[in-house]
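What follows is a set of notes on a single structure, which appears directly below.
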Amino acid sequence: MADIVQQRLEDRIPALEQLERVGLFTNKEVKSMLKRSTALEYKLHRTVQSKDDFITYIQHEINVLELIKKRRARIGYHFKREEIENPIIHRINHVFRRATTKWQEDVQLWLSQVAFNKKWGTKSQLSKVLSSMLAIHPDKPALWIMAAKCEMEDRNSSESARHLFLRALRFHLENKKVFQEYFRMELMHAEKLRKQQQELEQAKIDVGEYNFSTEILSGKLAEVVYRDAAQKIKGAEFILSLLQIAAIFDFTKELQDTILQDLQSQYVDDCMMWDFMAKRELDAAGAPELQSAKGRASDTDRREERCCVVYEEALKSLNTEAMWICYVTFCLERYKRKTNVTQLKEKRKERLLRVLQSTHDAKLLQETFYKNWLQVLLSSGDTVSATQVAITATQRFSQSVEMWSFSLQTLVHLESTEAGHLFQEALKHVNPKESLPLWQLQADWSMTSQIPEDTETFFQKGLLSPVPAVSSAMKEKYLEWSYKTGGYKRARKTFTSLHEHRPFTKTFFMKMIEIEKEQETPKMSNLRDYYERALREFGYSDEDLWMEYIKEELGSHGNPENCGKLHWRAVKTLEGESVEHFTTKYTLLQTGHM
């Protein structure tokens, strides 16, 4: 091992001497680099090799390259790169090869070597790395695409990129991304050739025997890729993705027309095709003389109406939920677009409401769209329709907590007489474990809208819920309501009746503590009772609760002598990291920093 390391170190000496000779590094710096390199070399030749050692070695050498680059820029010396940088780059690639051979499955290691060679311009080495990587990882489409892009962009070799894509398709016959990027690459290649031809013609340069193929310039190779992709991968969404790529290039009109014809003839039963065709009407050329805001708004309205005509035509043969979703989504998007023209805004609202109603009648309207429907009706002030839609939505999605919550909030906001009945219906239909939002909503409504006797009955029912989250939340609400309606005495009575009925929340006890402290003469004995009960439930994990109790004893109504006992109890009771957190906070409190 020592002989190998010594040989590698000796191989470095000419480059190090050059660094010192040309003034990029001092003698002291060269010796330091040699010492560091020696240590790193020995690590690479240990019996048990570590990936981290290889990465550290590579990073050290890259840092040296970066430093040389900065020194060159500073002193303005740009010679002898072959004698100085090239051996370092060669050495880094050698270490990378050793690492990737040993840890072939580490894709990030391969990508790091690719990134290194791209940055330092070693194009021939880059191709070798990419080839080796793909031989080990042919099952990863993203690597094939990246390799092809490197050949196209970094090495300016469209032929190599095409070859890589063709090889990738042998392993990934139906991979959408590979076909999309291959299609894009062929169009980019055609565009590059067109620009070259244009530049040569402008410069009036005789290119001799070199001729630009008309078929290649027009994107025929890309069309071949498209034909192959369309046969192997079905679905309007994929074909549309190719159409969108083709639309980026200004010489692909014929290709776009071909794709459009195939799309319309082969995917009549695909809602994505109809959605695309409908939205194309928005891009139709408008009258150029329309300069006023009203004129432009009128033209926009006509285009949107033409879109709706296409959607309606689609629904005649494709009356599916997916098709209605496309239609409603389009109308909703147009409705949300800002406009200062009232007529256009009203037209969009009418169109949206009409489509929502039609989709509902077809029993294909999704849950989320009912919420949009209610929002539009409420913003329009149509309370009658909003009430009806809210009730209908709960019938359609009777097991959805979100739908019940939104509809009930709407009815409460509208002060509908149906609210009370529907609250009861909601709790019958939804899963009890998910019903907490409905209980909380009904509690807020009952406290403000019902007579005290009915509210009391509701809370008593909630307290008996077998769902712990519901029972705990209702205790908090019940205590809050008792204080608001009956003052301190009623709140204390409610607390006393509940303080032995688990489960509890910390908020339940803290709320009673707040109520006690709001009185003119708070009783410390009561506060201690509340804190002790809270600690019995949460004292093992909540250091803040102990700190609040200690601060209370330090207050005007407390006894500071009790703080030491509380501290001792807290340390004994708290578990895990809570003890350390408590100790830190207690120390800060004693030193006046809290």
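The values are calculated or read from the model by the stated rules, or taken from the named source; none is laboratory data. Fair warning: this is a prediction, and the values are worked out from it, not measured in the lab. For neighbour counting, all protein chains shown are included, and Cβ atoms are generated from backbone atoms with ideal geometry for every residue, glycine included. These accessible areas exclude ligands, DNA and RNA; they are computed on the full protein's heavy atoms, side chains included. Shrake-Rupley method; radii C 1.70, N 1.55, O 1.52, S 1.80 Å.
The helices (runs of 4 or more DSSP H) located wholly in the range 144-246 that include 2 or more residues which are crowded, with 20+ Cβ neighbours inside 10 Å and of a type in the set (A, V, I, L, M) occupy 158-171, 176-203, 220-232, 236-246. For the range 247-258, a tally of residues being within 15 Å of MET277 (Cα to Cα) and either surrounded by 20 or more Cβ atoms within 10 Å (Cβ to Cβ) or among the basic types (Lys, Arg) (or both) returns 0. Residue-level analysis places LEU130 among those that are open to solvent by less than 50 Å² (accessible area, probe 1.4 Å), touching a helix residue (DSSP H, G or I) at 6+ places or on another chain (Cβ under 8 Å) and either of a type outside the set (Lys, Arg) or on the phi > 0 side of the Ramachandran plot (or both).
If you go through the range 306-337, how many residues are among the acidic types (Asp, Glu), farther than 20 Å from ARG348 by Cβ and over 31 Å from the mean Cα position of the chain (by Cα)? Spell out how you get there, then give the answer.
So the first thing to find is which residues in the range 306-337 are among the acidic types (Asp, Glu), and the list is 312-313, 321, 333.
With the extra rule that they be farther than 20 Å from ARG348 by Cβ, the set shrinks to 313, 321.
Keeping just the survivors that are over 31 Å from the mean Cα position of the chain (by Cα) gives 313.
Here the count works out to 1.
Scanning the range 441-463 finds one or more residues that are over 25 Å from GLU537 (Cβ atoms), β-branched (Val, Ile, Thr) and open to solvent by less than 70 Å² (accessible area, probe 1.4 Å).
On inspection, THR394 passes the criterion of being in contact with a helix residue (DSSP H, G or I) (Cβ under 6 Å, 6 or more places away or on another chain), β-branched (Val, Ile, Thr) and farther than 28 Å from CYS307 by Cβ. ILE248 fulfils the conditions (1) within 15 Å of ALA190 (Cβ to Cβ); (2) touching an Asp or Glu at 6+ places or on another chain (Cβ under 6 Å); (3) β-branched (Val, Ile, Thr) except for a single criterion, (2).
Taken together, the residues in the range 40-54 that are open to solvent by 20 Å² or more (accessible area, probe 1.4 Å) and aliphatic (A, V, I, L, M) amount to 1.
Applying a threshold of 7 Å to beta carbon distances and a minimum spacing of six or more residues, or different chains, the list of pairs starting in the range 501-529 at a residue that is polar (S, T, N, Q) and ending at one that is surrounded by fewer than 15 Cβ atoms within 10 Å (Cβ to Cβ) reads GLN519/TYR488. Can you spot a residue in the range 33-55 that is closer than 22 Å to VAL95 by Cα, of a type in the set (S, T, N, Q), at pLDDT 90 or above and part of a helix (DSSP H, G or I)? Within the range 33-55, none of the residues are closer than 22 Å to VAL95 by Cα, of a type in the set (S, T, N, Q), at pLDDT 90 or above and part of a helix (DSSP H, G or I). For TRP568, the conditions (1) of a type in the set (Phe, Trp, Tyr); (2) open to solvent by less than 30 Å² (accessible area, probe 1.4 Å); (3) over 30 Å from TYR488 (Cβ atoms) all hold with the exception of (2).
Conditions tested, residue by residue: (1) closer than 20 Å to ARG8 by Cα; (2) over 33 Å from the mean Cα position of the chain (by Cα); (3) modelled with pLDDT of 90 or more.
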site: GLU61; (1), (2), (3): yes, yes, yes
site: ILE75; (1), (2), (3): no, yes, no
site: HIS78; (1), (2), (3): no, yes, no
site: TRP103; (1), (2), (3): no, no, yes
site: LEU109; (1), (2), (3): no, no, yes
site: ILE136; (1), (2), (3): no, no, yes
site: ILE145; (1), (2), (3): no, no, yes
site: LYS149; (1), (2), (3): no, no, yes
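Being open to solvent by 40 Å² or more (accessible area, probe 1.4 Å), free of Cβ contacts under 8 Å to residues at least 24 places away in the same chain and under 23 Å from LYS506 (Cβ atoms): is that true of LEU436 here? Judged against the criteria, LEU436 is not a match. Only residues that are under 24 Å from GLN450 (Cβ atoms) and surrounded by fewer than 15 Cβ atoms within 10 Å (Cβ to Cβ) were counted in the range 482-506, giving 9.
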